[in-house]
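The values are calculated or read from the model by the stated rules, or taken from the named source; none is laboratory data. Everything numeric in this text was worked out from a predicted model, so none of it was measured. Note: ideal-geometry Cβ built from the backbone for every residue, glycine included; neighbour counts use all protein chains shown.
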Amino acid sequence: MNTARPGPDHALYTISVAAELAGVSPRTLRLYEDHGLLSPNRTQGGIRRYSDNDIARVRRIAELSDQGINLAGVKHILDLQDENTRLRETDSASSG
């Protein structure tokens with residue numbers, strides 16, 4: 001029997017479970033999605049499914065919002081962080 005835990009990108013959680021894990025409301029998750037801050041996977045029926053990485057991203061969004069940064073600013077910060085991560089991964093792959 002394979003009991004390996006799915007990877008952090010594997011979409012497991014419904015919106016209600018994801019909201020509870022992240023400490024926000026389902027409405028907040030939908031708001032973040034509307035602002036382009038979050039892109040959960042969807043089932044063929046259109047049900048949102050969130051991964052562990054999505055939960056971590058929601059927590060980061062909430063942390064930045066709590067510091068007084070508006071959602072447009074949060075999006076810009078997250079886009080820059082994502083680009084930085086991509087560049088580092090590309091650099092380490094090309095040097096390895």
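All told, residue 27 meets the bar of being of a type in the set (D, E, K, R) and either loosely packed, with under 11 Cβ neighbours inside 10 Å or touching a residue at least 60 places away in the same chain (Cβ under 8 Å) (or both).
One residue is enough: does region 58-69 have a residue meeting the conditions without any contact (Cβ under 8 Å) to a residue 60 or more places away in the chain and touching a strand residue (DSSP E or B) at 6+ places or on another chain (Cβ under 9 Å)? Looking through region 58-69, at least one residue is without any contact (Cβ under 8 Å) to a residue 60 or more places away in the chain and touching a strand residue (DSSP E or B) at 6+ places or on another chain (Cβ under 9 Å).
Pairing residues of region 77-96 that are within 25 Å of residue 63 (Cα to Cα) with residues that are in a helix (DSSP H, G or I) and not hydrophobic (A, V, I, L, M, F, W, C), at Cβ distances under 8 Å and at least 6 apart in sequence or on separate chains, gives 78/57; 78/60.
Residue count for region 2-19 satisfying the condition of being at pLDDT 95 or above and surrounded by 13 or more Cβ atoms within 10 Å (Cβ to Cβ): 6.
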